[in-house]
Amino acid sequence: MFKKQGGDFLQRIDQSFQLSPLGDAAIVVAFGKQISEEIHKKVKTFVTKLDKHPFDGLIEYVPAFTTVTLYYNPWVLSKGGVKSAYEEVKTIVEELLKAVDTNKEVKARQIEIPVCYEAEFSPDLAFVAEHNGLSKDEVIQIHTAGEYLVYMIGFAPGFPYLGGMNDNIAAPRKTNPRSAIPKGSVGIAGSQTGVYPLETPGGWQIIGRTPVSLFNPYRESPSLLQAGDIVTFTSISKEEYQEREERERES
């Protein structure tokens, strides 16, 4: 999915980022404005560096499509010195970015998610098919043929925003969102697809449901997916769905 970008990439990342404060205890690192695999790679390599080299005062970081927001404890950083906490963090971030080696290939986890596309789990599959001049089986075939990059986790705990969907099955959000979408529902909105990890309101077009739990607060890593993962979907029958759902409950 990701390939080496050439020897000058480190210089380009060093010149293209922008830093800005967010309140008095956070800094935003922006790598661009367009959603792309190149920008995602910058985000991913930077947070990998943060994982290995956290600095004193860092509380957490939140990666998004084109940015990483770092939350920090200003009292730990400033310590009454000449520099403000923000200036201290800004200097640290600039040094970390200089040390980021983007010539190393990013290793992505491959995650397969089973989906049942049968009628009771796919209330909007017919709409997506009609909108694109396809049959329901063709929509399923296209959806399961793709590889999807997890750009970010957001909206709800564990909700993956997946890029790489074939535009032949793209569909607009619903005009009137549903008040409750069942946990595990697989949806399409524009040219993105995603999975609802919890029952929440939402306006995506629902084309199937997975028995796999994408978010469990009792797991060591509550979110099954992480930014940078590669997701594939596989079609399963209702019987297979029920069997897998039962195993999920017991685990």
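In order along the stretch 237-250, the phi-based Karplus estimate (6.51 cos²θ - 1.76 cosθ + 1.60, θ = phi - 60°) of 3J(HN,Hα) comes to 7, 4, 5, 5, 4, 5, 5, 5, 4, 5, 5, 5, 5, 7 Hz; Gly and Pro are listed as x. Residues of the stretch 182-200 with an amide N closer than 20 Å to a point placed 7 Å from the Cα of Tyr218 along the Cα-to-Cβ direction: 183-184, 197-199.
Extents of the stretch 62-203, largest first, come to 66, 38, 23 Å (Cα atoms, principal axes, whole angstrom).
Surface composition of the chain: carbon plus sulfur atoms hold 49% of the accessible area, using a 1.4 angstrom probe and ignoring ligands, DNA and RNA.
Paramagnetic label reach from Asp167 (point 7 Å along Cα→Cβ; backbone nitrogen cut-off under 17 Å): within the stretch 207-232, no residues. The orientation-averaged projected area of the convex hull spanned by the Cα atoms of the chain comes to 15.3 nm². The listed residues Glu60, Glu248 rank as Glu60, Glu248 when sorted by accessible area, largest first, using a 1.4 Å probe. Take the Cα of Thr232, step 7 Å toward its Cβ, do the same at Ala119, and the gap between the two points is 3.1 nm. For the stretch 106-163, the Stokes-Einstein estimate of translational diffusion at 4 °C and a viscosity of 1.567 mPa s comes to 97 µm²/s, using the Kirkwood hydrodynamic radius over alpha-carbon pairs. With every protein chain in place, what's the accessible area of Glu243 (1.4 Å probe, Å², nearest 10)? Around 110 Å² of this residue is reachable by solvent. Measuring between alpha carbons in the structure, the pairs from Lys44/Lys183; Lys44/Lys107; Lys52/Lys90; Lys49/Lys183; Lys33/Lys107; Lys52/Lys183 lying more than 22 angstrom apart are Lys44/Lys183; Lys49/Lys183; Lys33/Lys107; Lys52/Lys183. Among Phe55, Phe65, Phe159, the residue with the largest mean-square fluctuation in a Gaussian network model of the chain, with springs joining Cα atoms closer than 10 Å, is Phe55. Think of a 1.4 Å ball rolled over the protein heavy atoms: the chain then has 52 Å² of accessible area per residue. Taking every Cα-Cα distance in the stretch 169-251 and sorting them into 5 Å bins from zero, the calculated P(r) comes out as 3, 13, 21, 24, 21, 13, 4, 1 percent. Once you reduce the stretch 175-251 and the stretch 126-167 to the center of their Cα atoms, the two points are 12 Å from each other.
The values are calculated or read from the model by the stated rules, or taken from the named source; none is laboratory data. All of these numbers come straight from a predicted model, not from anything done at the bench. All Cβ positions, glycine included, derive from the backbone under ideal geometry; neighbour counts span all protein chains shown. Only protein heavy atoms, including side chains, enter the accessible area calculation; ligands, DNA and RNA are left aside. Shrake-Rupley method; radii C 1.70, N 1.55, O 1.52, S 1.80 Å.
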